[in-house]
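Below: one structure, written as structure tokens.
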Amino acid sequence: PTPATFDELWTRRRPVVIDGKPILTFGPEDLLLVLSVQLAKDCRSWKQRLMQICDAAELIRTSPDLDWEFVLQRARVIGGMRILLLELRLANELLDAALPERVHRIVYDDRVVRTLAEEVRARLFPPHAGPGKALPIGTGIPISREDSWFHLRVRERVPDKLRYLCQLAQSRVSTLVTPTYRDRSFLPLPEPLGLL
């Protein structure tokens, strides 16, 4: 899901000072949604990192005036509520990110989010890596059907799930029917029949 159009994001931008110079960036509400979407995307491909959860926890800590109602409403509108709740649960459980009582209740009432958070924690801290140790970057499990299952569960709206399944099917069919160099070498066709 996309948190907003570029124009909307641009109107809510905020300056941050880096090396004494102001740089425009996302407002904290939009940034929290962007971080959540990025984490969910990386979880689908087994590339999640603790640093991503740290970023969200630090954003929450340094933004005491965060407009939680806006964040929750925006997440509902874009179909990313479960994605947001997953990020918030991990930030709260792993890094003690303080959540307002109402937000805390919403986060912990979703059973699917609980299951997803347990899976992400197990990926970040697998039993064979030793206590409190994460696997080195790049040693994750390759993309598999389970990753697609994760993506389907992190999305709450049926149309979003169907759109993803259609894209996945289209990608798989395209891979099967697109000729490779070996195919073209095995059966060379005249240029007018190249579409075949």
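Just to confirm the number: angle between the C-alpha axis of helix 28-44 and the first principal axis of the chain, 0 to 90 degrees, nearest 10?
40
So if I place +1 on the C-beta of Lys and Arg and -1 on the C-beta of Asp and Glu, and nothing else carries charge, what would the dipole magnitude of the stretch 1-60 be about its Cα centre? I want it in debye, nearest 20.
I would put it at about 180 debye.
With a ≥ b ≥ c the root eigenvalues of the C-alpha gyration tensor of the stretch 17-92, is it rounded (a/c under 1.5), prolate (a/b larger than b/c) or oblate?
oblate
Could you please report the charge total around Leu35, scoring K, R as +1 and D, E as -1 over all other residues with beta-carbon less than 13 angstrom from its beta-carbon?
Spelling it out: positives minus negatives among the neighbours equals -4.
For the full complex of protein chains and a 1.4 angstrom probe, list Leu86, Leu24 by accessible area with the highest value first.
Heavy-atom accessible area, descending, gives Leu24, Leu86.
What percent does the relative contact order of the stretch 44-110 come to when contacts are Cα pairs within less than 8 Å and at least six residues apart?
Relative contact order here is 40 percent.
With the full set of protein chains in place, find how many percent of the accessible area of the chain is carbon and sulfur; take the probe as 1.4 Å.
Using a 1.4 Å probe with all protein chains present, the chain comes out at 60 percent carbon and sulfur.
What FRET efficiency comes out for the pair Arg114/Leu152, r = Cβ-Cβ distance, R0 = 25 Å, nearest 0.05?
The calculated FRET efficiency here is 0.90.
If you take the charge dipole of the chain about its Cα centre, with +1 on Lys and Arg Cβ and -1 on Asp and Glu Cβ, which of Val113, Thr175, Phe186 is farthest toward its positive end?
Phe186
Can you count the Lys pairs in the chain whose Cα atoms are under 26 Å apart, with each pair 8 or more apart or on different chains?
Here the count comes out as 4.
What's the extension gain from Ala122 to Val77 if we count 0.36 nm per residue and subtract their Cα-Cα distance?
Once the chain is fully extended between Ala122 and Val77, it gains 13.2 nm.
Along the Cα→Cβ direction, 7 angstrom out, place labels at Arg172 and Asp19. What is the inter-label distance in nm?
It is 4.8 nm.
Pick from Val113, Val154, Val173 the residue whose mean-square fluctuation is largest in a GNM of the chain, springs joining Cα atoms under 10 Å.
So, out of Val113, Val154, Val173, the one fluctuating most is Val173.
Hey, can you grab everything whose amide H is under 5 Å from the amide H of Thr25? Only 5+ residues off in sequence or another chain; H modelled, so Pro and N-termini drop out.
Arg14, Val16
Work out the length of the dipole vector of the stretch 49-114 about its Cα centre, built from +1 on the beta-carbon of each Lys and Arg and -1 on the beta-carbon of each Asp and Glu, and round it to the nearest 20 debye.
For the stretch 49-114, the charge dipole is close to 320 debye.
So how strong a dipole does the chain carry about its Cα centre when Lys and Arg Cβ are +1 and Asp and Glu Cβ are -1, to the nearest 20 debye?
The calculation lands at about 560 debye.
Among Thr180, Thr62, Thr115, which one shows the highest mean-square fluctuation when the chain is modelled as a Gaussian network with alpha-carbon springs under 10 Å?
Among Thr180, Thr62, Thr115, the largest GNM mean-square fluctuation belongs to Thr180.
Find the relative contact order for the stretch 1-133 and round it to a whole percent, using C-alpha pairs within less than 8 Å whose residues are 6+ positions apart.
23
How much area per residue is accessible in the chain when the probe is 1.4 Å and only protein heavy atoms are counted (Å²)?
Using a 1.4 Å probe on heavy atoms only, each residue of the chain averages 64 Å².
Can you figure out the FRET efficiency of Arg49 with Phe186, using R₀ = 35 Å and their beta-carbon distance, to the nearest 0.05?
Working from the Cβ atoms, E equals 0.25.
For the chain, what is the mean residue ellipticity at 222 nm derived from helices alone (per DSSP H run of n ≥ 4: -39500 (n - 2.57); sum divided by total residues; nearest 500 deg cm²/dmol)?
-19000 deg cm²/dmol
Can you give me the angle between helix 68-78 and the longest principal axis of the chain, using Cα atoms only, in degrees from 0 to 90, rounded to the nearest 10?
Result, in degrees: 20.
Give me the extension gain from Arg163 to Glu101: residue separation times 0.36 nm, minus the current Cα-Cα distance, reported in nm with one decimal.
18.9 nm
Hey, if you put +1 on the Cβ of every Lys and Arg and -1 on every Asp and Glu Cβ in the chain, which of Val158, Leu24, Ala91 ends up farthest toward the positive end of that dipole?
The residue sitting farthest along the positive end of the dipole is Val158.
The values are calculated or read from the model by the stated rules, or taken from the named source; none is laboratory data. Just so it is clear, the structure is predicted and the values come from calculations on it, not from any experiment. We place every Cβ from the backbone using ideal geometry, glycine too, and count neighbours over all the protein chains shown. When the accessible area is computed, the model is the full protein with side chains, heavy atoms only, and any ligands, DNA or RNA have been set aside. Shrake-Rupley method; radii C 1.70, N 1.55, O 1.52, S 1.80 Å.
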